[in-house]
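Chemist: First, the structure itself, so that you have it in front of you.
The values are calculated or read from the model by the stated rules, or taken from the named source; none is laboratory data. None of these values were measured; they are calculated from a predicted model. Don't worry about glycine lacking a Cβ; one is built from the backbone with ideal geometry, like all the others, and counts go over all protein chains shown. Note: accessible area is taken over every heavy atom of the protein model, side chains too, but ligands, DNA and RNA are not part of it. Shrake-Rupley method; radii C 1.70, N 1.55, O 1.52, S 1.80 Å.
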Amino acid sequence: MPLLEKHAVSGQRLVCLTAYNYLSALRVAPHADIILVGDSQGMVLHGLPSTVHVSLEMMRASAESVARALLPLNKKPLLLVDLPFGSYEESPAQAFASAALLLKAGAAAVKLEGGAAMVETVRFLSQRGVPVCAHLGLTPQHVNSLGGYKVQGRGTAGDLLVADATAHAAAGAFAVLLEAVPAPLAASITSALLVPTIGIGAGKDCDGQVLVTEDLLGLSAGKPAKFVKRYAELGRDIDTALSAFADEVRSGAYPSAAHCYS
Ligand code: KIV
C-alpha cells in the first residue's frame, strides 16, 4: 500500500500545508493530507536569510512539537519533515543518521532536496525503512548556486528534470515535490511517474499542492512569491487587535469590571 495515492487512482488531489509547531499543527491538521515541517521555518519564523542556516536540531524540535498535536487524532496527516542543509549531502550514512533522528522525533517521512547527486541517498534511505520525498526544481537550499529563487526547468533543463524525477522515483521516493517549474513540465512529469507529485508553483496538474501556511494566511513578512495565493490577511487582523489592546491599556479602558475579580 503506497503512503500516498496519485490523483488518477484516488480521484482526490493531495493537500499539503506547512506547520512548524504544536499550535499551527492543531489548526492545519484537520485540513491536510500531509503536514510538512519545512525548513522554510528558518526564514518564516526565525528571520534567517535562507534555509541554508537551518539546523537539524531546529527541525527535530519542530517535528516533536508538531507530532504532539497529531498524537490524539484518529485520522492523522502524514508528517513529512525536511532534512536541513548539511545534514544529508555528505553520504547516505549521514542522511540515514539525520533521518533516524527525525523519525524518532515523530516524522513519518523525510524530504530532501534532490538532483542526480541524491539518487543513491534516496535508494539507501528507502531500502532502510525511511520513506523519502524528493524535492526538485527550485531547491532553496541551493540558492547560493542557483543565483536566486528563480523558475527552473525551462528549455533543455526540462529534460534533466524529467530524468531526475524518474530516477528518484525509481530509487524509491514515495513522492516528488516540484517547486517553481513550468506547469506543462510538471504535468508531463506527473503523468510519467507512478508516485504522486506535489506542486508549489508547478501548475494545477500535479497530484497535490503545497503552500507555506503563513504565506496563504497573510502572516509572512516580505514579498510573497508569484505562486502564493493569500486566503486571509491575518497579519493585518493581528495588527488591529494588538493596537486595540495597546490603546485600551493606555486609556485605562482595559481591564474593565468584566475582566476583574470582585
Ligand atoms: O520548507 C518548505 O516549506 C518547503 C516548501 C516550500 C515546499 O520545502
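Chemist: If S98 passes every condition in (1) within 16 Å of the ligand (Cβ to nearest atom); (2) outside the structural domain of G147 (by TED's automatic domain parsing) but one, which one does it miss?
Modeler: (2)
Chemist: Kindly state which strands (runs of 3 or more DSSP E) lie completely within the stretch 9-121 and contain at least 1 residues that are open to solvent by less than 20 Å² (accessible area, probe 1.4 Å) and without any contact (Cβ under 8 Å) to a residue 60 or more places away in the chain.
Modeler: The strands (runs of 3 or more DSSP E) meeting that bar are 34-37, 78-82, 109-113.
Chemist: Considering only the stretch 129-154, how many residues are loosely packed, with under 14 Cβ neighbours inside 10 Å and within 27 Å of A100 (Cβ to Cβ)?
Modeler: Number of matching residues: 1.
Chemist: What's the number of the only condition in (1) in contact with a strand residue (DSSP E or B) (Cβ under 7 Å, 6 or more places away or on another chain); (2) open to solvent by 30 Å² or more (accessible area, probe 1.4 Å); (3) farther than 22 Å from L48 by Cβ that T197 fails to meet?
Modeler: (2)
Chemist: For the stretch 145-178, how many residues meet the condition of being outside any loop (DSSP other than H, G, I, E, B) and within 24 Å of P92 (Cα to Cα)?
Modeler: 17
Chemist: Separate question: Might you let me know whether the stretch 133-145 holds any residue that is of a type outside the set (S, T, N, Q) and away from the ligand (no atom under 16 Å from the Cβ)?
Modeler: Within the stretch 133-145 (the criterion being of a type outside the set (S, T, N, Q) and away from the ligand (no atom under 16 Å from the Cβ)), the answer is no, since none of the residues qualifies.
Chemist: While we're looking at this one, here's another question. Could you please find all residues in the stretch 155-194 being open to solvent by 30 Å² or more (accessible area, probe 1.4 Å), over 24 Å from D33 (Cα atoms) and either among the aliphatic types (A, V, I, L, M) or within 16 Å of the ligand (Cβ to nearest atom) (or both)?
Modeler: The answer is A157, L160, V162, A163, A167.
Chemist: From the set of residues in the stretch 203-262 that are more than 16 Å from the ligand (Cβ to nearest atom) and of a type in the set (K, R), which is most open to solvent (accessible area, probe 1.4 Å)?
Modeler: R250
Listed here are the residues, each with its yes/no results for (1) within 27 Å of D164 (Cβ to Cβ); (2) within 13 Å of the ligand (Cβ to nearest atom).
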{"site": "M43", "(1), (2)": "yes, yes"}
{"site": "H46", "(1), (2)": "no, yes"}
{"site": "V54", "(1), (2)": "yes, yes"}
{"site": "L70", "(1), (2)": "no, no"}
{"site": "P92", "(1), (2)": "yes, no"}
{"site": "E120", "(1), (2)": "yes, no"}
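Chemist: Being assigned by TED's automatic domain parsing to the domain that holds L102, within 29 Å of N144 (Cβ to Cβ) and more than 15 Å from the ligand (Cβ to nearest atom) narrows it down to one of A61, A19, so name that one.
Modeler: A61
Chemist: Only one of (1) under 30 Å from D237 (Cβ atoms); (2) within 17 Å of the chain's Cα centre (by Cα) fails for Q141. Which number is that?
Modeler: (1)
Chemist: In the stretch 82-101, which residues are under 15 Å from G129 (Cα atoms) and either in contact with a strand residue (DSSP E or B) (Cβ under 9 Å, 6 or more places away or on another chain) or hydroxyl-bearing (S, T, Y) (or both)?
Modeler: Residues satisfying the conditions are A95, S98, A99.
Chemist: Hey, another quick one. I'm trying to understand the selection: among the residues of the stretch 177-218, which are within 22 Å of Y149 (Cα to Cα) and touching a His at 6+ places or on another chain (Cβ under 6 Å)?
Modeler: Selection gives L177 alone.
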